[in-house]
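The values are calculated or read from the model by the stated rules, or taken from the named source; none is laboratory data. Just so we're clear, the structure is a prediction, and the values are computed from it rather than from any experiment. For neighbour counting, all protein chains shown are included, and Cβ atoms are generated from backbone atoms with ideal geometry for every residue, glycine included.
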């Protein structure tokens with residue numbers, strides 16, 4: 001022995017490990033080490049899982065009549081516009097304003113009486129029954145306001161062939177309108193004077209005779 005200190009062993013470095021004092025080894029990205037297909041599938045299916053129950057619930061509420069249906073636009077605008085609703089053909093004849101009867105209660109200040117005039121022609125007996133039992137009218141304006149019909153001027157003198165739609169839509173004898181018969185009708189509203197220039201008429205009726213699932217639908221006429 002020559003008295004010199006023994007040599008220190010050289011450390012063994014495992015593959016992929018850092019050299020002593022050197023930078024840490026680069027680890028493969030997680031997405032490279034794992035199959036990302038289940039994650040991608042989840043990202044696709046999650047919106048469906050969230051949206052499908054909402055859509056089904058909305059569809060059920062619409063079928064039950066618990067949610068008002070969106071009104072489909074009529075064919076054309078103004079007098080002569082047409083639409084089909086619940087098996088009945090509808091023709092819009094326009095709005096008439098101010099047709100009050102002097103013998104009835106005066107209108108409140110700042111309001112206007114508006115009559116919406118339509119002709120309804122059921123295609124068959126079933127359509128006539130749906131028309132009688134479920135038709136409703138509503139006015140809306142460009143500001144999002146809406147008005148139901150009023151009975152304030154019920155009892156006015158009208159042309160013999162015209163019937164008031166209050167309630168429902170029947171013939172002059174209060175019976176369902178016969179198939180193929182065009183029945184003139186008016187729906188009367190009391191609205192603010194500033195709404196008269198932008199009114200639209202919405203007509204709603206059930207499309208099913210099932211009382212649990214009437215499936216209402218609606219159309220909209222613009223003057």
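Some observations on this one:
- Count - residues of segment 192-210 that are free of Cβ contacts under 8 Å to residues at least 24 places away in the same chain and either touching a strand residue (DSSP E or B) at 6+ places or on another chain (Cβ under 7 Å) or not in a loop (DSSP other than H, G, I, E, B) (or both): 2
- Meets criteria (over 22 Å from the mean Cα position of the chain (by Cα) and touching a residue at least 40 places away in the same chain (Cβ under 8 Å)) for residue 182: yes
- Any hit, segment 160-176, residues being surrounded by fewer than 18 Cβ atoms within 10 Å (Cβ to Cβ), farther than 25 Å from residue 110 by Cα, over 28 Å from the mean Cα position of the chain (by Cα) and modelled with pLDDT of 95 or more: no
- Meets criteria (modelled with pLDDT of 95 or more and part of a loop (DSSP other than H, G, I, E, B)) for residue 214: no
- Condition check for residue 213: closer than 29 Å to residue 123 by Cβ, in contact (Cβ under 8 Å) with a residue 40 or more places away in the chain, out of contact with any strand residue (DSSP E or B) (no Cβ under 9 Å at 6 or more places or on another chain) and surrounded by 13 or more Cβ atoms within 10 Å (Cβ to Cβ): yes
- Looking only at residues in segment 82-139 that are in a loop (DSSP other than H, G, I, E, B) and either at positive phi or not assigned by TED's automatic domain parsing to the domain that holds residue 193 (or both), the one that is surrounded by the most Cβ atoms within 10 Å (Cβ to Cβ) is 86.
- Flag if residue 189 is in a strand (DSSP E or B), within 22 Å of residue 99 (Cα to Cα) and over 20 Å from the mean Cα position of the chain (by Cα): yes
- Applying a threshold of 9 Å to beta carbon distances and a minimum spacing of six or more residues, or different chains, the list of pairs starting in segment 137-160 at a residue that is over 15 Å from residue 189 (Cβ atoms) and ending at one that is at pLDDT below 80 reads 155/101; 155/103; 155/104; 157/101.
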